[in-house]
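**Q** Okay, handing you the structure first.
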Amino acid sequence: MLVNDITIVEISPCLADETKFKAITMTDNDLTDILPYMNTALENPNYQANSQSLVFKEGIVGFTLKGNQINITRFVNKTELLELLDWVKELVNAIDESKDSITPNYKSKTIVPTLTIYNMLPKTNCKECGESTCMAFAAKLNKFDAEIGDCPQLLKTENTALKEKLEKAFE
Ligand code: SF4
């Protein structure tokens, strides 16, 4: 098995949602080689060849895999985190065991420049996303450290056009 154990290193509150938590965890083996296979197998992942990292979502929960590290965001408590760790371990191992039938995809997802993202945000600096300014939030989106849905302003009807433009830019 590629992943036998996952150790929880740190749990802390999510900035964008104070009812949720994020965690840094470490696997017993390096995940780098499996990431291009996960890039093929998963629905709409963000694989970056330069940083050899992969980000994907399962429901509202976000996963970031890089080296031996798996970061998980937006879970409600430690019980859910332990379930998510079992789930992601099973997922990685299942893909690893099926590698012979999966064509790896080494293509990175397009990075959208921070200023381009900023120009598609509501620019209210309302801080509801947990960031002090829209530009700071744009920088996080650029690095895939946040998601479009983390800006509550974009969910308002008057901002539907901006949200659609952003979603298209990240396709
Ligand atoms: S919630 Fe949206 S509009 Fe408000 S500061 Fe964050 S990015 Fe800007």
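**Q** Filter the range 136-152 down to the residues that are open to solvent by less than 20 Å² (accessible area, probe 1.4 Å) and free of Cβ contacts under 8 Å to residues at least 40 places away in the same chain and list them by number. Reasoning before the result, please.
**A** Here is the first cut: in the range 136-152, the residues open to solvent by less than 20 Å² (accessible area, probe 1.4 Å) are 137-138, 141, 146, 151.
Once the filter is applied, which keeps residues that are open to solvent by less than 20 Å² (accessible area, probe 1.4 Å) and free of Cβ contacts under 8 Å to residues at least 40 places away in the same chain, the range 136-152 yields Phe137, Ala138, Leu141, Cys151.
**Q** Regarding the range 39-46, can at least one residue be identified that is modelled with pLDDT of 95 or more and open to solvent by less than 20 Å² (accessible area, probe 1.4 Å)? Reasoning before the result, please.
**A** Quick first cut of the range 39-46, residues modelled with pLDDT of 95 or more only: 39-42.
This time we only want the ones that are open to solvent by less than 20 Å² (accessible area, probe 1.4 Å), so: 39.
Scanning the range 39-46 turns up at least one residue that is modelled with pLDDT of 95 or more and open to solvent by less than 20 Å² (accessible area, probe 1.4 Å).
**Q** Another question, then. Could you tell me how many of the residues in the range 115-135 are within 12 Å of the ligand (Cβ to nearest atom), assigned to a helix (DSSP H, G or I) and open to solvent by less than 70 Å² (accessible area, probe 1.4 Å)?
**A** 3
**Q** When you check Glu90 against the structure, is it out of contact with any His (no Cβ under 6 Å at 6 or more places or on another chain), assigned to a loop (DSSP other than H, G, I, E, B), over 24 Å from Pro13 (Cβ atoms) and open to solvent by 20 Å² or more (accessible area, probe 1.4 Å), yes or no?
**A** On the way: out of contact with any His (no Cβ under 6 Å at 6 or more places or on another chain): yes; assigned to a loop (DSSP other than H, G, I, E, B): no; over 24 Å from Pro13 (Cβ atoms): yes; open to solvent by 20 Å² or more (accessible area, probe 1.4 Å): yes.
So Glu90 fails the test.
**Q** With the requirement that a residue be surrounded by fewer than 18 Cβ atoms within 10 Å (Cβ to Cβ) and of a type in the set (A, V, I, L, M), what does the range 47-59 give you?
**A** Ala49
**Q** Considering only the range 64-74, I want to know if a residue exists there that is within 16 Å of the ligand (Cβ to nearest atom), small (Gly, Ala, Ser) and open to solvent by less than 40 Å² (accessible area, probe 1.4 Å).
**A** no
**Q** Then there is this: Mind listing whichever residues of the range 98-114 are assigned to a helix (DSSP H, G or I), closer than 22 Å to Asn4 by Cβ and touching a residue at least 12 places away in the same chain (Cβ under 8 Å)? So that I can check it myself, show each step before the final result.
**A** Let us first name the residues in the range 98-114 that are assigned to a helix (DSSP H, G or I), namely 99-101, 114.
Going one step further and asking which of them are closer than 22 Å to Asn4 by Cβ, we end up with 99-100.
Lys99, the sole residue that qualifies.
The values are calculated or read from the model by the stated rules, or taken from the named source; none is laboratory data. Note that this is a predicted model, so its numbers are computed, not measured. Note that we place each Cβ from the backbone using ideal geometry, even for glycine, and neighbour counts take in every protein chain shown. These accessible areas exclude ligands, DNA and RNA; they are computed on the full protein's heavy atoms, side chains included. Shrake-Rupley method; radii C 1.70, N 1.55, O 1.52, S 1.80 Å.
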